[in-house]
Structure formats: structure tokens, C-alpha cells
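Below: one structure, written as C-alpha cells.
The values are calculated or read from the model by the stated rules, or taken from the named source; none is laboratory data. Since we're looking at a predicted model, the values are computed, not measured. Glycine also receives a Cβ, built like all others from the backbone with ideal geometry; neighbour counts cover every protein chain displayed.
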Amino acid sequence: MSHEEIAVFAGGCFWCTEPVFSQLNGVKKVVSGYIGGHTTNPTYKQICNGETGHAEAIQITYDASVVSFETLLEIFFVSHDPTTPNRQGNDVGTQYRSAVFCQNEAQRTTTINMVNELNQQHIWPNPIVTEVNSAEVFYPAEDYHQYYFDKNPYQPYCMAVAAPKAAKIRAKYAQLIKG
């Protein structure tokens with residue numbers, strides 16, 4: 001029996017976060033989009049200028065009987081640098097901030113506990129700055145952003161940034177990869 005749930009993560013460019021999660025068993029759908037801002041129905045162009053307050057994010061629909069929120073959250077933290085405010089690699093701006101948009105109190109508790117645990121382990125030289133937010137309106141990005149990496153694997157940015165992230169997760173979490 002399927003137990004569909006939603007997780008929403010912002011961890012930099014959605015072209016790079018989507019392929020990390022779409023390859024996982026139990027993940028039914030990943031939608032790239034915008035969340036956490038003040039503009040209704042923002043566009044990619046508006047997001048890029050940083051004035052809407054939105055983060056580029058992914059909305060993951062997953063079967064909780066196959067993969068847990070905690071596992072998805074662990075992969076989220078492994079797949080990006082949660083210690084750099086408003087930045088992932090060369091992508092700089094509030095739209096690239098690290099954030100979890102909790103859909104319920106259980107997700108909030110799990111996220112806070114994991115952040116505390118990871119900070120205590122000193123995995124990174126700096127403390128985690130990931131925002132722990134409540135669910136907000138999620139706006140799907142324009143169609144050409146959906147599964148962008150799958151459609152454009154040889155695009156230079158995808159080859160340089162997205163492909164290594166997805167490969168890192170395939171190597172570390174091989175038992176969770178589809179097919």
C-alpha cells in the first residue's frame with residue numbers, strides 16, 4: 001500500500017537537486033519550482049534577480065513506505081553544502097539558499113533533530129545555516145525546467161554540477177537507486 005507524502009527542499013539550483021532525488025526508489029515525482037517568497041506566480045526571470053524572495057526548490061512526492069522523510073533529508077544534506085548562506089558553489093543569491101519547507105510537525109522535528117546531530121558531528125567546518133520553514137505556496141517552475149538534467153545531460157552546467165551530485169548519491173546510496 002502506497003503512503004504518498006510530500007517533501008520540499010531548497011538546496012541551490014533545482015537543475016542540480018532534481019536529479020539527486022528523481023533517481024531514488026520510492027520517489028514518484030519531482031517538481032522544480034519556487035517557494036518562500038512574496039510574489040504570486042513568480043517567473044524564472046523574476047527569481048533570478050533575487051527580488052521575489054523565493055528559493056529555487058524541489059517538491060518531492062514519495063512513497064513513505066519505500067523511502068522515509070529522514071532518508072530524503074539525509075540525502076538532502078549530503079548532496080549540497082548546508083553551511084553557506086545564499087550560495088551553492090558559483091550560484092549566489094537568496095534564491096539558492098538552503099531550506100526545508102516542513103509539511104507537518106513530524107518533518108519539522110526530524111529536520112531540527114538532524115541539523116543538531118550533524119552540527120554536533122562537525123561534518124562541515126562551519127555550522128549548518130539551512131532554514132527550517134513551514135510549508136508555503138509552492139509554484140511549479142516553467143515546463144522547460146522540469147527534469148532539465150534528463151533532457152539536457154550534455155549542457156555544460158549539468159555536466160559540471162548536476163551530474164557529479166547525482167553520481168555522488170548513486171555511489172553513497174546505491175541500495176536506494178531505482179532499477
*For segment 76-91, name all the residues that are farther than 22 Å from residue 139 by Cβ and surrounded by fewer than 21 Cβ atoms within 10 Å (Cβ to Cβ).*
78, 81, 83, 84, 85, 87, 89, 90
*Being touching a Gly at 6+ places or on another chain (Cβ under 9 Å), modelled with pLDDT of 95 or more and part of a helix (DSSP H, G or I) narrows it down to one of 95, 59, so name that one.*
95
_Just to be sure before I move on: is residue 106 under 16 Å from the mean Cα position of the chain (by Cα) and in contact (Cβ under 8 Å) with a residue 12 or more places away in the chain in the structure I sent?_
no
*Within segment 123-135, track down each residue that is exposed (fewer than 14 other Cβ atoms within 10 Å of the Cβ) and modelled with pLDDT of 95 or more.*
126, 127, 134
*Pick out the one residue from 86, 119 that is of a type outside the set (D, E, K, R) and modelled with pLDDT under 95.*
86
*Which of (1) free of Cβ contacts under 8 Å to residues at least 24 places away in the same chain; (2) under 9 Å from the mean Cα position of the chain (by Cα) does residue 20 not meet, given it meets every other one?*
(1)
_Every residue from segment 98-122 that is crowded, with 16+ Cβ neighbours inside 10 Å and either outside any loop (DSSP other than H, G, I, E, B) or touching a Cys at 6+ places or on another chain (Cβ under 7 Å) (or both)_ = 98, 99, 100, 101, 102, 107, 108, 110, 111, 114, 115, 118
*Scan segment 1-35 for residues that are among the small types (Gly, Ala, Ser), under 19 Å from residue 79 (Cβ atoms) and outside any strand (DSSP E or B) and report the count.*
3
*Just need a number here: residues in segment 62-92 that are of a type outside the set (Phe, Trp, Tyr) and outside any loop (DSSP other than H, G, I, E, B).*
13
*Please go through segment 140-179 and pick out each residue that is in contact (Cβ under 8 Å) with a residue 12 or more places away in the chain, aromatic (Phe, Trp, Tyr) and in a loop (DSSP other than H, G, I, E, B).*
147, 173
